[in-house]
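Worksheet for the structure shown next.
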Amino acid sequence: MSRSVLRPAFEEVDTAAPEDAARRDRPIRPPAGVRTGEDRRRGDADVVTADLITRARAGDGVAFRELTEAHHRELRVHCYRMLGSLQDAEDALQDTLLSAWQGLDGFAGRASLRTWLYRIATHRCLNVRRAAGRRPARAWDVPGVEPPEPTRLGEVVWLEPLPEVLLGGAAEVQAGPEARYELAESVSLAFVTALQVLPPRQVAILILRDVLGFRASEVASMLGASTDAVDSALKRARGGLRRLREGGGDHDPPPAPGSAAEAAVVAGFVRAWQAADVDALVALLTEDVLVTMPPIPLEYEGRDAVAGLCRRLFGAGRRFDLVPSRANGQPAFGSYLRGPGGVRRATGLVVLTLAGDRVRAMTRFDDGVLPSFGLPRSLPAR
């Protein structure tokens with residue numbers, strides 16, 4: 001496998017003042033003759049990393065994979081936060097790895113390999129967000145059901161859910177000390193959706209600073225900006241995110257994942273949905289509940305609007321079975337329509353956003369996302 005060197009795109013930029021850089025790079029040493037266990041472990045790891053880099057630069061693809069594989073999951077989640085689409089995130093991750101492979105000679109070691117990979121991934125995602133080729137909106141596609149008039153049309157029609165299995169590696173990553181968000185909140189559908197309507201560069205800076213906890217100087221180096229510019233953009237991003245959240249109203253926090261409280265709300269929802277009991281379902285909803293269904297742009301807000309939609313869906317004897325899953329750290333279900341002869345055909349994935357003991361949002365995705373969750377397109381007759 002050959003590699004072309006892309007120095008202009010990936011050569012590291014150090015924006016720190018010379019005295020700051022010198023102070024930062026000056027090693028802190030123990031007294032002469034003393035070598036700690038941590039020194040030995042770090043030294044061994046540095047030797048292994050240096051050997052892998054040397055081999056990868058010589059064209060060893062196995063060495064490159066070993067060098068970068070530990071970062072794949074967290075980089076995929078980073079791309080997902082920026083793009084809101086698992087498909088786009090996967091493409092961005094592959095572009096990132098290819099660019100890193102081709103530009104490995106541009107990695108000088110002034111920052112960590114992880115930081116360098118985040119820099120490449122962030123620029124790839126910024127390019128995607130600036131492009132015009134995102135997933136387009138789609139028309140209502142429920143046969144035999146006429147949708148009620150929506151409350152409004154949604155903007156983020158390219159949104160896709162993130163399977164729980166892809167969060168495993170990201171959950172093990174320790175965010176920097178300046179991070180402001182826990183993992184669960186930073187991958188929630190509400191958070192990821194809000195990020196999609198903020199300016200791309202502000203989104204990149206907010207994620208790098210407040211989600212991952214990189215220092216302002218590190219983010220400035222990644223983006224080729226000054227620390228003042230990073231701080232200013234972060235302030236604007238925080239303000240924009242705060243306004244979006246205020247527009248969503250005040251809610252109780254969701255119950256802990258896997259807790260008895262979460263299980264109780266989920267069980268009530270499953271009973272009501274499978275029985276097509278609209279009154280029981282509405283009793284579980286917050287007053288300002290929101291139903292979205294990307295890539296269909298129709299949105300329904302409030303109990304009355306959602307009740308009207310559900311009555312249309314359950315009309316003419318339509319009944320559904322739900323198969324539990326999890327997406328974005330939230331309860332989710334594969335939805336299967338009961339058909340003639342007992343065959344149950346997939347209609348999509350429903351993700352719940354909870355607030356205390358209520359459901360504050362339902363997001364329905366089409367059945368194309370089901371394979372990512374290990375869910376079948378149909379269930380056997382029963």
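The values are calculated or read from the model by the stated rules, or taken from the named source; none is laboratory data. Note that the structure is a prediction, hence the values are computed from the model and not measured. Backbone-built Cβ (ideal geometry, glycine too); neighbour counts: all protein chains shown. Calculation scope for accessible area: heavy atoms of the full protein, side chains included, ligands and nucleic acids excluded. Shrake-Rupley method; radii C 1.70, N 1.55, O 1.52, S 1.80 Å.
In the context of the full set of protein chains, residues of the chain present 49 Å² of accessible surface per residue (probe radius 1.4 Å, heavy atoms only).
The residue list Ala355, Gln174, Val145 was ranked by how far each Cα lies along the charge dipole of the chain toward its positive end, using unit charges on Cβ atoms, and Val145 comes out on top. Computed about its Cα centre, the charge dipole of region 337-382 is approximately 180 debye, with only Lys, Arg, Asp and Glu carrying charge at their Cβ.
Around the Cα centre of the chain, unit charges on the Cβ atoms of Lys, Arg, Asp and Glu (plus for the first two, minus for the last two) sum to a dipole of about 420 debye. Two numbers describe the Cα atoms of region 58-108: Rg and Dmax, which are 11.7, 36 Å. Since only Gly59, Gly103, Thr122 are under comparison, the one whose Cα sits farthest along the positive direction of the charge dipole of the chain, derived from C-beta charges on Lys, Arg, Asp and Glu, is Gly59. Against the main long axis of the alpha-carbon atoms of the chain, helix 113-130 sits at an angle near 50°. Alpha carbon centre of region 277-338 versus region 101-139: separation in Å? Value for the Cα centre distance between the two parts: 36 Å. Taking a temperature of 25 °C and a viscosity of 0.890 mPa s, what whole-number D in µm²/s does Stokes-Einstein yield for region 76-178 with Rh from Kirkwood over alpha carbon pairs? Translational D for this selection: 151 µm²/s. Toward the positive end of the charge dipole of the chain, with +1 on the Cβ of Lys and Arg and -1 on the Cβ of Asp and Glu, the farthest Cα among Pro163, Pro255, Ala229 is that of Pro163. Magnitude of the charge dipole for region 43-176, about its Cα centre and with charges confined to Cβ atoms of Lys, Arg (+1) and Asp, Glu (-1), is about 520 debye. Peptide packing for 185-194, 118-127 was compared via the average number of neighbouring C-beta atoms within 10 Å per residue; ordered from the highest value, the list is 118-127, 185-194. How large is log10 I(q)/I(0) at q = 0.16, 0.19, 0.22 Å⁻¹ when the Debye formula is applied to the Cα atoms of region 275-382, each weighted equally and without solvent? Values returned for q = 0.16, 0.19, 0.22 Å⁻¹ are -0.74, -1.04, -1.34.
Adding -39500 (n - 2.57) for every DSSP H run of four residues or longer, then dividing by how many residues the chain holds, sets the calculated 222 nm ellipticity at -13500 deg cm²/dmol.
Axis of helix 72-83 versus longest Cα principal axis of the chain: the two differ by about 60°, to the nearest ten degrees. Percent of Cα pairs in region 178-289 per distance bin of 5 Å, from zero to the largest separation: 2, 10, 16, 17, 15, 11, 9, 8, 6, 4, 2, 0. In the chain, the alpha-carbon atoms span a convex hull of 175 Å³ per residue. Distances between every pair of Cα atoms in region 246-288, grouped in 10 Å steps from 0 to the bin holding the largest one, split as 25, 44, 30, 1 percent.
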